[in-house]
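Here the structure comes first, spelled out in structure tokens, and everything after it is commentary.
No lab work stands behind these numbers, since they all come straight from the coordinates. Predicted, not measured: the structure shown is a model, and the values here were computed from it. FYI the Cβ positions are ideal-geometry reconstructions off the backbone, even for glycines, and counts take in every protein chain you see.
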Amino acid sequence: MVRAATMYYDQGATMELIARRLGTSRSTVSRLLKRARETGLVEINIHLPGSETVGVARRLAARFGVQAHIVPVQRGAAESEVLDQVSRAAGRLLPSLLEPGQTVGVAWGVTTAAVARNTPPHPIPGLTLVQLNGSTTVASSGLDYAGDILSRLAAAFDASVLAFPVPAFFDYKETRQAMWRERSVRRVLTAQAGAALALFSVGAPGGEVRSHVYVGGYLDTADRASLERDGVVGDVCTVFLRADGTFGGIELNARASGPTPALLAAIPRRVCVVAGRHKAVATLAALRAGVVTDLVVDEPTAGAIDALL
């Protein structure tokens, strides 16, 4: 497969010539090239100079210092289709950003779950995945949901996993403060702080594909009222943001288990994957908070963000 892909894409050889050199058939070469694309061995990027997409990417880079990977989608596509296409693009991108021996922080959510499903096998020696935010609720441990995301990515990268078995939101901020002193929790927090890359999305209310934190039993009526009073537009790693990117003084954040934007921004590479126009305001808040270095986003949402600037 490697030899066929190298000859076809790097050397410009025809399938007939490759088949003769490999001693196989043209149809076998075609299957090898298809498999090379599916596994991520070969990535095809189409650049359209002068297109509006390139302009949006350049403006986002100039304004926020991010590298925007804008995914074209069919006009009128359902949000589930957009999520699938964006998550596939993110799954193909991830291996190129990782190196052996690194620690990668992963936040749970509908989008990262889709990325995990669509990441092709690409073993990376010594890779460790650490969960960035707790997932337990009053009604559920949340471990199955978060664990499935981590286990799928671990299988793709042949990585080890460090889970974070604490609540998504503590009932009392004093409990969180006490837990953060426990050695078992400190071990996870230390791994998070030492991550070379973080993978996460932006949560926002509304949309056809609902963000898990808003529909998964994590917030009660009082919590929702509190978020409205605090002017919250969305969250990153279950830490809530206002439209201007600020997060201080939001009551629920004192009880949240996810890293604050200040802590998240200390991780060198921060890949945010976003699908759906209803997340434009929340994504802009994340950009203003400085938590994103790489943005994988569908074209309509990128345009909506650009229009808000």
For the chain, what's the relative contact order in percent, using C-alpha pairs closer than 8 Å and at least 6 residues apart?
20 percent
Please give the charge dipole size of the chain, origin at the Cα centre, charges +1 on K and R Cβ atoms and -1 on D and E Cβ atoms. Round to the nearest 20 debye.
800 debye
Within 10 Å of each candidate Cβ there may be at most 15 other Cβ atoms; applying that plus a DSSP loop requirement, which trypsin sites (Lys or Arg not before Pro) in region 141-219 survive?
ARG181
Among 92-99, 113-120, the order from most to least packed when residues are scored by Cβ within 10 Å on average:
113-120, 92-99
Calculate the dipole size of region 135-265 relative to its Cα centre from +1 charges on Lys and Arg beta carbons and -1 charges on Asp and Glu beta carbons; express the result in debye to the nearest 20.
400 debye
State the antiparallel share, in %, of DSSP beta bridges confined to the chain, rounding to the nearest 5.
20 percent
Once every DSSP H run of n ≥ 4 in the chain is given -39500 (n - 2.57) and the sum is divided by its residues, what mean residue ellipticity at 222 nm do you get, rounded to the nearest 500 deg cm²/dmol?
-12500 deg cm²/dmol
Among ILE250, ALA155, GLN11, the residue whose Cα sits farthest towards the positive end of the charge dipole of the chain, when +1 is placed on the Cβ of each Lys and Arg and -1 on the Cβ of each Asp and Glu, is GLN11
Kindly put VAL2, VAL54, VAL297 in sequence by how many other C-beta atoms sit within 10 Å of each C-beta, fewest to most.
VAL2, VAL54, VAL297
Fewest to most neighbouring Cβ within 10 Å: what's the order for LEU264, LEU227?
LEU227, LEU264
Cβ density ranking, 10 Å radius, fewest first, applied to TRP180, TRP108 yields TRP180, TRP108
Set Lys and Arg Cβ to +1 and Asp and Glu Cβ to -1, take the dipole of region 1-147 about its Cα centre, and tell me which of HIS122, VAL42, GLY91 lies farthest positive.
VAL42
Between region 104-121 and region 219-243, how many Å separate their Cα centres?
23 Å
Choice from GLN131, GLN11, GLN74 with maximal GNM fluctuation in the chain (Cα, 10 Å cutoff)
GLN11
Within region 1-86, which trypsin sites (Lys or Arg not before Pro) sit in a loop by DSSP and count at most 12 neighbouring Cβ atoms inside 10 Å?
ARG75
Just the number, please: Stokes-Einstein D of region 21-108 in µm²/s, Kirkwood Rh from C-alpha pairs, 4 °C, 1.567 mPa s.
79 µm²/s
May I have the convex hull volume per residue, in Å³, for the Cα set of region 65-154?
128 Å³
Among (1) 1.02; (2) 1.51; (3) 1.07, which is the computed Cα Rg over 2.2 N^0.38 Å?
(3)
Show log10 I(q)/I(0) for region 71-114 at q = 0.20, 0.23, 0.26 Å⁻¹, two decimals, from a solvent-free Debye sum over equal Cα scatterers.
-0.73, -0.87, -0.99
